[in-house]
Amino acid sequence: MADVAAGRALIPRLSTLSRFTFVDVILWCLRIGVTAVVIGGTIGTLIKGRYAAAQWFDLVMFGLTLGSVYALIALGYTMVYGVLRLINFAHGDIMMSGAFSGYFIASSLDYSGFLNSSPILAMAAILAVAVLTSMTIAVLTERFAYRPFRHTRGLAPLICAIGVSFFLEQTFRGFFGPSIRSYPDPKWQASGFDVFGLNIPRVDVIVISLAIIAMLILYLIVQKTKMGTAMRAVSEDTDAAAMMGIDVNKVIVFTFALGGAMAGIAGVFYAFVFKQVYFFMGFQPGIKAFGAAVLGGIGSIPGAMLGGFFLGLVESVGPALFLDGIGIPAPYQLRDLIAFTLLIMVLIFRPHGILGERMAKKRA
Amino acid sequence: MTVATTSHAMWRKRARSPYHRAIITGLVFGVIAVYLAVVGILPMINARAVIVDLLTMAQAALLAIGLGAGAFISRSERELPTGTVMVHSLITGAIAGALVALLVLAMNAIDLRSIFISLSPQTSDMLTLELDLEYAAPMLVAAGAVLGALGVLLARSPARVRKPVLIGCMAVLFFGVFQELIQIMMQFSDAITTVRDLIYTWEGLTPEGAAVIFVVATGASVLSTRKPPAASGAPSWWQTRNGVLVKAAIAIVLLILLPILAGSYIGQVLMLVGLYILMGMGLNLEVGLAGLLDLGFVAFFAVGAYTTALLTADSPHSLAAIAGFPHLNFWMAMPIAVMISVVVGVLFGIPVLGVRGDYLAVATMGLGEIVRVIVQSDAAAPLLAGAQGILQIPKPVLAGMELADPVELFFLTLVCAAVAAYFAWRLESSRLGRAWMAVRDDEDVAQALGINLVKVKLLAYGLGAAFAGLSGSIFAVMLTSIYPSSFQLLVSINVLALIIVGGMGSLPGVVVGSLALVGLPELLREFGEYRYLFYGVALIVMMRIRPEGLWPSATRRRELHDFAGELEVEEPPPAVVAEIAAHAEHRPGE
């Protein structure tokens, strides 16, 4: 039953409204308008030629770095949505918990000098603690906040998830204070590589490569292990999976743990890139990563990765490419505008995403 | 966190032990106490005395946790004899106390303050009652055990003992915690001032005063229960139409008198409550009636506020200065602001018409964030002033008198809220309201029954936005300057939380929710920074325990329970009861 309802939500329902052409007109205006801004802005920027190739390269690199963080977060959304049909609203805050716990390890290691003397061990320690914390919190969230709503329809689970998100944020605020803390900035992260005269910041390389490794491991777990197979079975059809003898509870806990682990890694990387942690840091990346998950096709793991990278790129390159060209002052302030517009356009016009079409059809 | 995991593990291991329930309950209540200490709530409320030099609010909270643990175990082991439960409660209380003791020991062994900012030496002193460590730990365990046992005693005592005692304690708590306000209200006549001097000193409730209040409240409660109970089923006089009218009149008189007596601070708090009631009624149309979970609701509030500001402000950022528009006063600007909010609401609704459920929540949240990003950006700054905000918005002038005082503005809000409530109430039982409910329950069936989804949904967005726009308009003149930072997503969540706590789809619920979630944290000023924690917990707990809200609408109540008489709500505001009664009378005729 739940599958049918969720499947329905995935299908665009605009066709049923076709009698009311006024709505269609406005929606078409929206599409054309956004497309016009994108194309016009691109042409304008390219004609103006205000940015050099090196600057574009920097933007793309930053976009890929940001995108790999979004992709890691989006994986958690997509997997949980796959098995539970629930938007885990608190997922961004689970990422925040990873960043925070990583911060305490990183700053104490930085204080003792270990962070600079043996970077690999230090990174491993930071990531391990962050992953453990995020996993624990994700599993506890599932146990105490989501499990009671397993069979509830309607808005209750989502509202509870919003509550959990606030509870986590404010708990961290109460525990560790409302101030923004700056993340340690060791030397080995700050310098860069020179490739063909272009400067690639080292932290970008570290983040992107480690994120890709993490995603590969996740993909192997989901595709090759018994638990991963069970997970895919549950997300295909929970009742049938249960009848085949799969312990659905165990699978759900496993899903949350995996998603939490990815969020923990994402949290550490996000803190590496932006060099700060605070209690509200998880909210915006969380919402954007949800957009990335939908963009890739919710429930699809490669889709989430793709969507994450795409969103990161658009967010990083977009202000310069689209908005500068049409003469908007200070386009970087509107970075979030681009990300949220993309999110809404996806939800309205392509709720089944890029890779989700096959799945959505099957569920209908 | 670790403690909570252990409790789960232990539950598995000891599922057959007769003590397992006692142990889990003890761990849960202990974790609650430790959490409150670490998150900083206990250290914060420790500054507020219930009884001067005798009991702080933090100590009261710890006592309540101990008693609550006992009461809980007594309830969950209802079938066992009191003696056994007593033994169990001793274990429960001791475990809860032991967890607190462990926290104290840990705090003294290592410096946790560099990580957990609340774990200062003062917190430790508060938990140990400034005893030495070697006495404090056993004391906490013993105190927990004793409180647990007392909790069982209280829970198992007959209702005619338990109820008056609880009411007495509540009264003492109320008079102690809100002593500042009550003292201000009591200084108006000499006779009352004498009473005040009897129970209060300038810094709070005296022990003698507390005793007096306890005795009076307990006595009153005993006397009131001794009256022969009305035959169940037959409504008492208060529930008849006349009784309801009298109650409504009393409530209105109280609402008018309260801010006059209590001064401008209360006026300000009530005004804020009023603004949230207005917004709550709007969101209630969308979420409660039409089932459209809108997390971008703050956008309409912002539209109302910015329209009013642009039309009336005496600053370079106003339409008068930019476009040579005539300078409007508040009374002209307000309807325009409401109308523009409706237009924005409809425009906002069109793109998300085809989006449902969870996706709708995220899409609307994205739309709300877009509005905020635009308002904040430099790109829109020539018109909307960016992060600097629009300043010098004049106060409304009525018959030559400027409504500058919070109390006067509160009356303005009250009138607006009353008018809006009338509209909301009429909408609820109208054809449109019923169409909304049908859409909420099942969109496809509603459409099959001939409801025009597009029209109905857009009307929900537009009318909901009207309420928020009105609220925003008053908000602008209340502050006389507006900044984009006032229109965060948090406002949307705030409004959502209050209608959920009050009861989705219920007008009185909106009032109850606003009083509880906006008024209460505002009165306990230091609580302010924890209000969002409180909202988060409220959302989770309400969804788990009471999804219909504190004051559900009649329909919801009927849906969720087979009989309506089950609810016990303390002293409902009469105006609201009148509405329900009138509503109920309307129904059969429809």
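Values quoted throughout were computed directly from the atomic coordinates according to the rules given, and no laboratory measurement underlies them. As the structure is a prediction and not an experimental result, all values here were calculated from the model. All Cβ positions, even for glycine, are placed from backbone atoms using ideal geometry, and neighbour counts span all protein chains on display.
Neighbouring Cβ atoms within 10 Å as the yardstick, rank B:E134, B:E548 fewest first.
Ranking B:E134, B:E548 by Cβ neighbours within 10 Å, fewest first, gives B:E134, B:E548.
Under a crude label model (7 Å from the Cα following the beta-carbon direction), how far is A:I26 from B:E529 in nanometres?
4.3 nm
Taking the convex hull of the alpha carbon atoms in region B:17-156, what volume per residue do you get, in Å³?
Taking only Cα atoms, region B:17-156 has a hull volume of 102 Å³ per residue.
Subtract the Cα-Cα distance of B:L131 and B:M170 from 0.36 nm times their separation in residues, and report this length gain in nm to one decimal. Could the numbers behind the result be given before it?
Values: separation 39, 0.36 × 39 = 14.04 nm, distance 2.85 nm.
Once the chain is fully extended between B:L131 and B:M170, it gains 11.2 nm.
Counting pairwise Cα distances across chain B, what percent come out greater than 44 angstrom?
28 percent
According to the Cα gyration tensor, what semi-axes, each the square root of 5 times an eigenvalue, does the equivalent ellipsoid of chain A have, listed from largest to smallest in whole Å?
Working: eigenvalues 202, 181, 64 Å².
Taking √(5λ) for each eigenvalue gives 32, 30, 18 Å, largest first.
Per DSSP H run of at least 4 residues, take -39500 (n - 2.57); add these up for chain A, divide by its residues and hand me the 222 nm value, nearest 500 deg cm²/dmol. Write out the running numbers ahead of the final one.
Values: 16 runs with 264 residues, N = 364.
The helix contribution divided over chain A gives -24000 deg cm²/dmol.
Using alpha carbon coordinates only, what is the Rg to Rh ratio of region B:80-166, with Rh defined as the Kirkwood radius?
With Rg and the Kirkwood Rh in hand, the quotient comes to 1.13.
Tell me, how many Å apart are the Cα centres for region B:396-428 and for region B:512-555?
24 Å
Which semi-axes, in whole Å and largest first, does the equivalent ellipsoid of the protein assembly as shown have when worked out from the alpha carbon gyration tensor as the square roots of 5 times its eigenvalues? Walk me through the intermediate numbers first.
Values: eigenvalues 397, 288, 173 Å².
They are 45, 38, 29 Å, listed from largest to smallest.
Students often get this wrong: which residues of region B:78-111 have the backbone nitrogen under 19 Å from the point 7 angstrom along Cα-to-C-beta of B:V161?
Output list for this probe position: B:78-90.
Once fully extended, how much extra length lies between A:Q276 and A:K250, figured as 0.36 nm per residue of separation less the alpha-carbon to alpha-carbon distance?
Gain on stretching A:Q276 to A:K250: 5.8 nm.
So, with +1 on the Cβ of K and R and -1 on the Cβ of D and E, and no other charges, what is the size of the charge dipole of region B:398-472 about its Cα centre, to the nearest 20 debye?
360 debye
Can you check what the net charge comes to around B:P394, using other residues whose Cβ is under 11 Å from the Cβ of B:P394 (Lys, Arg +1; Asp, Glu -1)?
It works out to a net charge of -1.
Once the other residues with Cβ under 15 Å from the Cβ of B:L524 are scored (Lys, Arg +1; Asp, Glu -1), what is the net sum?
Overall, the nearby charge balance is -1.
Provide A:C29, B:C169 in ascending order of the number of other Cβ atoms located within 10 Å of each residue's Cβ, fewest first.
Taking fewest neighbouring Cβ atoms as first place, the list is A:C29, B:C169.
If each of A:R150 and B:A109 carries a label point 7 Å out from its Cα toward its Cβ, how far apart are those two points in nm?
Taking the simple label geometry, A:R150 and B:A109 are separated by 3.8 nm.
By how many nm would the segment from B:R546 to B:M401 lengthen if fully extended, with 0.36 nm per residue of separation less the alpha-carbon distance?
Stretched fully, the B:R546-B:M401 segment lengthens by 47.6 nm.
For A:172-179, what's the mean count of beta carbons from other chains sitting within 10 Å of each residue's beta carbon? Intermediate results must be reported in sequence, preceding the final value.
Values: counts 1, 7, 13, 9, 4, 5, 2, 1.
Per residue, the average neighbour count from other chains is 5.
How do A:H91, A:H151, B:H88 rank when sorted from fewest to most other Cβ atoms within 10 Å of their own Cβ? Mind showing how you got there, number by number?
Values: A:H91 34, A:H151 8, B:H88 27.
Listing A:H91, A:H151, B:H88 from fewest to most nearby Cβ atoms yields A:H151, B:H88, A:H91.
Could you state the number of Å between the C-alpha centres of region B:359-384 and region A:309-354?
Taking the Cα centre of each part, region A:309-354 and region B:359-384 sit 13 Å apart.
What is the distance, in nm, between label points placed 7 Å from the Cα along the Cα-to-Cβ direction at A:I213 and at A:D110?
Inter-label distance under the simple model: 2.2 nm.
When the Cα centres of region A:22-45 and region A:268-303 are compared, how far apart do they sit, in Å?
The two parts, judged by their Cα centres, are 27 Å apart.
Count, for each residue of B:538-551, the Cβ atoms from other chains sitting within 10 Å of its Cβ, then give me the mean as a whole number.
4
Which value, in debye to the nearest 20, gives the size of the charge dipole of region B:17-156 about its Cα centre, when Lys and Arg are +1 and Asp and Glu are -1 at the Cβ? Working shown, then result.
Numbers: 6 positive and 8 negative charges, 106 e Å.
Using only the charged Cβ atoms, the result is roughly 500 debye.
If you take each beta carbon of peptide A:338-348 and count the beta carbons of other chains within 10 angstrom, what is the mean?
Whole-number average of other-chain Cβ neighbours for A:338-348 is 6.
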